[in-house]
Amino acid sequence: MWIEERETGLAMPAETGLPRNLLLRSLPFEELERLSPVLQKIALAPRRVLQHAGLPIEHVFFIEEGLVSVLAKVDERNAVEVGLIGRDGAVGSIVVLGADVAAFSHFVQIGGSALRISVDDLSRALAELPRLRAALQGYVHLSLMQVSQTAACSLSHSFEQRLASWLLMAHDRCDMTQLPITQDLVARSLGVRRPTVSNAFKQLAERGAFAKERGRVRILDRAGLERIACRCYRVLCRQCDAVKRSKIGRKTLIALTLAFALFEIELAVS
């Protein structure tokens, strides 16, 4: 039975049954049952920093609802988004590779909820639950590919294309046709000025892709957004499908992906 922990530490049956997080849903029932007592459901408030870059990773957060930005610092005051995490993944998943310090900051863009586990509890679980380890390793591979592709995209494609790709990725990860986002938020995430976002929003709205409402964006034509988006979005979708199909050579893929990701981040921020 899926259970969550309250602040008292007493386990109680969850009202919703299975977790909404896709990594956890991919686990066999036996592993999920063994893992559930050390998971704690928490609320994710918008603008909350779940993890600061350069600090030890104390918890891993399996996102249930909402959207989290992965931010890379470009100077002492500014950072740009290099990834998005929704209910497809987990904040702090890099610990599966032995990392204990966060390379990036993780910032809640859209509020929701998550299932939190301490790194110590997760380490013990990884030693006993092979499917959990495999799921997290596969997700780390995909995350690093996203970081690498995002860095390359920012150097090669128009902002309108990048914005369409960002909206599609946000939609994929939080299952909302109405995204509670503002132009200021998008500008900070994608490293551009607000007038650039405003102009791109106007162009996409005129093409019928979405409607801009106060404090939110309502997607009207997903297929139209896919035609506008740069090829990076389709590349990431194909990579996701490939990783799900293949379990061979995963550690090698992760190592190569990390090397390329770090190289392209250097290019993007230099």
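Picking from residues in segment 183-208 that are closer than 19 Å to Val82 by Cα and among the charged types (D, E, K, R), the one that is modelled with the lowest pLDDT is Arg188.
Suppose we keep only residues that are aliphatic (A, V, I, L, M) and over 20 Å from Asp175 (Cβ atoms) within segment 28-44. Which one would you say is surrounded by the fewest Cβ atoms within 10 Å (Cβ to Cβ)?
So in segment 28-44, the residues aliphatic (A, V, I, L, M) come out as 32, 35, 38-39, 42-44.
Subsequent filtering for residues that are over 20 Å from Asp175 (Cβ atoms) retains 32, 35, 38-39.
Working: Leu32: 20, Leu35: 22, Val38: 17, Leu39: 27.
Looking at the filtered set, the residue picked out is Val38.
Which of the residues spanning segment 172-184 are assigned to a helix (DSSP H, G or I) and either surrounded by fewer than 19 Cβ atoms within 10 Å (Cβ to Cβ) or touching a His at 6+ places or on another chain (Cβ under 6 Å) (or both)? Matches in segment 172-184: Asp172, Gln183, Asp184.
Being within 22 Å of Gly66 (Cβ to Cβ), modelled with pLDDT of 90 or more and surrounded by 20 or more Cβ atoms within 10 Å (Cβ to Cβ): is that true of Leu163 here?
Working: within 22 Å of Gly66 (Cβ to Cβ): yes; modelled with pLDDT of 90 or more: yes; surrounded by 20 or more Cβ atoms within 10 Å (Cβ to Cβ): yes.
The answer is yes for Leu163.
Filter segment 45-64 for residues that are surrounded by 14 or more Cβ atoms within 10 Å (Cβ to Cβ), of a type outside the set (A, V, I, L, M) and part of a strand (DSSP E or B) and give the result. Answer for segment 45-64, where residues must be surrounded by 14 or more Cβ atoms within 10 Å (Cβ to Cβ), of a type outside the set (A, V, I, L, M) and part of a strand (DSSP E or B): Gln51, His59, Phe61, Phe62, Glu64. Number of residues in segment 86-117 that are small (Gly, Ala, Ser) and outside any strand (DSSP E or B): the value is 8.
Of note, Gly83 does not satisfy the criterion of being under 17 Å from the mean Cα position of the chain (by Cα), part of a strand (DSSP E or B) and surrounded by fewer than 22 Cβ atoms within 10 Å (Cβ to Cβ).
Once segment 189-211 is narrowed to residues that are assigned to a helix (DSSP H, G or I) and either assigned by TED's automatic domain parsing to the domain that holds Ser105 or charged (D, E, K, R) (or both), the residue that is farthest from Leu67 (Cα to Cα) is Glu206. Here segment 97-125 is the region considered, the condition is being touching a strand residue (DSSP E or B) at 6+ places or on another chain (Cβ under 9 Å), hydrophobic (A, V, I, L, M, F, W, C) and more than 16 Å from Leu44 (Cβ to Cβ), and the residue that is surrounded by the most Cβ atoms within 10 Å (Cβ to Cβ) is Leu122.
The values are calculated or read from the model by the stated rules, or taken from the named source; none is laboratory data. Computed from a prediction, not measured in an experiment: that's the story for all the values here. FYI the Cβ positions are ideal-geometry reconstructions off the backbone, even for glycines, and counts take in every protein chain you see.
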